[in-house]
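Q: Just passing along the structure, written as structure tokens.
The values are calculated or read from the model by the stated rules, or taken from the named source; none is laboratory data. Computed from a prediction, not measured in an experiment: that's the story for all the values here. Ideal geometry is used to build each Cβ from the backbone, glycine not excepted, and the neighbour counts take in all protein chains shown.
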Amino acid sequence: MGISGSLQDFSLPEILQIIDNGSKSGRLSITSSLKGKALQNQGTNDLWFKNGNFVALSNPFKYNNLLSLIKKENIISSKNIVKLYSLEREISIPLGEYCLQQSLLSVERVNQLLENQLKEVYSLFELDDGWFFFDDADSNNQVSEPKESFPLMEMTGKKCDTLTISLQGMRSLSKLDNRLTEQMPEPNSGLIKLEDNLNCKLLPIEACLWDDANGKMSLKKIAQKTLFEIQDLQTTALRLILIGLLEEVPVSREEPQTYAAPSLERKLALSSTNSMVKTKSQGKVSNSLLGNLVDFLRNNF
Amino acid sequence: MEAFNIAITGNVGAGKTSFIKTISEIEVVSTEKKASDEVNQLKHNTTVALDFGRLTLNAEQVLYLYGTPGQNRFDFMWEIIIEKAHAYIVLIDAHRPQDFYNGRRIFNFMQSKVNLPMIIGLTHTDCEGAWEADDVALALGLKNRRRRPPIITVNASDSSSVANSLICLLEQLMMANV
């Protein structure tokens, strides 16, 4: 099974969020349309994920892309490059890992290769038109169309968590397209956190928003407090909203609190253990009413 | 008269008005007007304030259903309606992934305002391009399958389907009340 659609309807950070949230494994194919503005990304790029982490980038039109990158670095002898090319059918571990085992590349060089792959992934965030298809891998780590295993020749053996990719990709985006800017949070809106903890490093402006994401302080107030321009705060907030770290909410009328609000998932867990159902204006509901209502619905519809 | 209030919320076109019309014993009091801008591409009329329906159980007890406006921007009516509710249902149109982001926003807004039993109702699941419930849940930011609210399929035009979704919501409440 998989998900597919148009990048105009569902953006790359939204797709990555699903892969991250679901700790999914498989291949995400991104195909740009001819109308797409990022010409360097024409065609299809396949991003490979294992348990929600990015592990490889492959492209049917750039065969042996990782080897080409290694070759370009000029750090391995021609003889060894030829040997690496001949490995294709017999390799059983990622190419980067193989190079490490054979002492052909240092750990730093392999990390650099992953960085180079990631730069190509970041450029895909510029695509404003095209199609995506996420093909879930089965228990044998194979995707279905065509039946294919993870591309060991395109794998460094290193991984990068998807949230970090989304964050970096959104930061590198030169311009937000119209669909995204329509979602721009308003200066009078506040923010809430959608995650309890962060495993990635934030920029100062992002950290300011994160720290004040308690639903009580408006972006306008944050701008006054931090001296960041309101437009910069809005744009940065939008980027963090789109990758699923924050959510825009109307500012609560209550006084600001000094503690961080619990995440929504935690609230859901709390609500399921809440023994008394009540709202601000409504009292407790009697069990007689609930029971009668269930009986009424069962008997009349 | 003891009243039980359920809020029905969700995106434009997710089926909130139909849901209430399908089960209400009275003509639904609707504040629909001709839709403008992009909403018009989905439907001719849209709810601007609220929809209201009723089901009388007996001389002492009644169910009120309140439908929120589905606009993309925050609406003051969302807060008014949710603060009166005892429980709520978020309707998500499974075949419009472009609306999931807004669905997430409505869901998170409600969660930030109240701590009430709720369920997610997936509509249009029989339409081409409809997403699986698990993937919709992930798009809404619900990662943990065991800790997420119940997600059920709803046909907003079918009275037994609507009734089943209400029963599912009430069961949530009864579990919380135990």
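Q: Given the criteria in contact with an Asp or Glu (Cβ under 8 Å, 6 or more places away or on another chain), surrounded by 21 or more Cβ atoms within 10 Å (Cβ to Cβ) and facing another protein chain (nearest Cβ under 8 Å), does B:ALA87 qualify? Spell out how you get there, then give the answer.
A: Details: in contact with an Asp or Glu (Cβ under 8 Å, 6 or more places away or on another chain): no; surrounded by 21 or more Cβ atoms within 10 Å (Cβ to Cβ): yes; facing another protein chain (nearest Cβ under 8 Å): yes.
Here the answer is no, as B:ALA87 does not meet what is asked.
Q: Among the residues of the stretch B:120-145, count how many are more than 7 Å from chain A (Cβ to nearest Cβ) and either of a type outside the set (Gly, Ala, Ser) or not in a loop (DSSP other than H, G, I, E, B) (or both).
A: Qualifying residue count, the stretch B:120-145: 16.
Q: Another one. Name the single residue, out of those in the stretch B:106-141 being without any contact (Cβ under 8 Å) to a residue 12 or more places away in the chain and crowded, with 20+ Cβ neighbours inside 10 Å, that is farthest from A:ILE18 (Cα to Cα).
A: For the stretch B:106-141, the residue satisfying everything is B:GLN111.
Q: I'd like the full set of residues that are more than 22 Å from A:ARG89 (Cβ to Cβ) and touching a Ser or Thr at 6+ places or on another chain (Cβ under 6 Å), limited to the stretch A:111-134. Give the steps one after another, and end with the answer.
A: Just the residues of the stretch A:111-134 that are more than 22 Å from A:ARG89 (Cβ to Cβ), to begin with: A:111-112, A:114-134.
If the condition is that a residue be more than 22 Å from A:ARG89 (Cβ to Cβ) and touching a Ser or Thr at 6+ places or on another chain (Cβ under 6 Å), then A:LEU114, A:TYR122, A:LEU127, A:ASP129, A:GLY130, A:TRP131, A:PHE133 are the ones that fit.
Q: Scanning for something within 24 Å of the chain's Cα centre (by Cα), at pLDDT 90 or above, assigned to a loop (DSSP other than H, G, I, E, B) and farther than 30 Å from A:LEU176 by Cα, does the stretch A:141-148 turn up at least one residue?
A: There is no residue in the stretch A:141-148 that is within 24 Å of the chain's Cα centre (by Cα), at pLDDT 90 or above, assigned to a loop (DSSP other than H, G, I, E, B) and farther than 30 Å from A:LEU176 by Cα.
Q: Continuing with the same structure: For the stretch A:234-243, which residues satisfy the criterion of being within 11 Å of another protein chain (Cβ to nearest Cβ) and under 23 Å from B:GLU79 (Cα atoms)?
A: Scanning the stretch A:234-243 gives a single hit, A:ILE241.
Q: Also, quick follow-up: Out of the stretch B:159-174, which residues are at the interface with chain A (Cβ under 9 Å from one of its Cβ atoms) and in contact (Cβ under 8 Å) with a residue 12 or more places away in the chain?
A: Within the stretch B:159-174, B:SER159, B:VAL162, B:ALA163, B:ASN164, B:LEU166, B:LEU170, B:GLN172, B:LEU173 meet the criteria.
Q: Looking at (1) touching a Pro at 6+ places or on another chain (Cβ under 6 Å); (2) under 14 Å from B:ASN11 (Cα atoms), can you tell me which one B:ALA87 breaks?
A: (2)
Q: If you go through the stretch A:175-201 one residue at a time, how many are of a type in the set (Asp, Glu) and farther than 20 Å from A:VAL249 by Cα?
A: Let us first name the residues in the stretch A:175-201 that are of a type in the set (Asp, Glu), namely A:177, A:182, A:186, A:195-196.
Filter once more, keeping what is farther than 20 Å from A:VAL249 by Cα: A:177.
Residues that pass the stated criteria total 1.
Let's see how each residue does on (1) free of Cβ contacts under 8 Å to residues at least 40 places away in the same chain; (2) assigned to a helix (DSSP H, G or I); (3) charged (D, E, K, R):
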{"residue": "A:LYS158", "(1), (2), (3)": "no, no, yes"}
{"residue": "A:ILE165", "(1), (2), (3)": "no, yes, no"}
{"residue": "A:ARG179", "(1), (2), (3)": "no, yes, yes"}
{"residue": "A:PRO185", "(1), (2), (3)": "no, no, no"}
{"residue": "A:LEU191", "(1), (2), (3)": "no, no, no"}
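Conditions (1) within 14 Å of chain B (Cβ to nearest Cβ); (2) more than 15 Å from the chain's Cα centre (by Cα), marked per residue:
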| position | (1), (2) |
| --- | --- |
| A:GLY2 | yes, yes |
| A:GLY52 | yes, no |
| A:VAL55 | no, no |
| A:SER77 | no, yes |
| A:ILE81 | no, yes |
| A:GLU97 | no, yes |
| A:LEU105 | no, yes |
| A:ASN111 | no, yes |
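Q: Which of the residues belonging to the stretch B:1-28 are charged (D, E, K, R) and outside any helix (DSSP H, G or I)?
A: B:GLU2, B:GLU25, B:GLU27
Q: Something else now. Restricting the search to the stretch A:7-16, which residues are out of contact with any Asp or Glu (no Cβ under 8 Å at 6 or more places or on another chain) and within 14 Å of A:THR31 (Cβ to Cβ)?
A: Correct list: A:PHE10, A:LEU12, A:ILE15.
Q: Restricting to the stretch B:146-165, count the residues that are under 9 Å from B:ILE119 (Cα atoms), outside any loop (DSSP other than H, G, I, E, B) and of a type outside the set (Ser, Thr, Tyr).
A: 2
Q: Can you name every residue in the stretch B:103-117 that is modelled with pLDDT under 90 and more than 7 Å from every other protein chain (Cβ to nearest Cβ)?
A: Hit for the stretch B:103-117 is B:LYS113, nothing else.
Q: Please go through (1) at pLDDT below 90; (2) away from chain B (no Cβ under 13 Å); (3) surrounded by 13 or more Cβ atoms within 10 Å (Cβ to Cβ) for A:GLU265 and return the number of the only condition it doesn't satisfy.
A: Condition not satisfied by A:GLU265: (2).
Q: Which of the residues that make up the stretch A:134-192 are in contact with a helix residue (DSSP H, G or I) (Cβ under 7 Å, 6 or more places away or on another chain), within 30 Å of A:SER106 (Cβ to Cβ) and of a type in the set (Val, Ile, Thr)?
A: A:THR156, A:THR162, A:ILE165
Q: Looking at this structure, is A:GLU73 under 24 Å from B:TRP131 (Cβ atoms) and either surrounded by fewer than 15 Cβ atoms within 10 Å (Cβ to Cβ) or at pLDDT below 90 (or both)?
A: Details: under 24 Å from B:TRP131 (Cβ atoms): no; either surrounded by fewer than 15 Cβ atoms within 10 Å (Cβ to Cβ) or at pLDDT below 90 (or both): yes.
When the stated conditions are applied, A:GLU73 does not pass them.
Q: Against the definition (surrounded by fewer than 23 Cβ atoms within 10 Å (Cβ to Cβ) and assigned to a loop (DSSP other than H, G, I, E, B)), how does B:GLU171 come out, yes or no? Please lay out each step first, then the result.
A: Details: surrounded by fewer than 23 Cβ atoms within 10 Å (Cβ to Cβ): yes; assigned to a loop (DSSP other than H, G, I, E, B): no.
It is false that B:GLU171 is surrounded by fewer than 23 Cβ atoms within 10 Å (Cβ to Cβ) and assigned to a loop (DSSP other than H, G, I, E, B).
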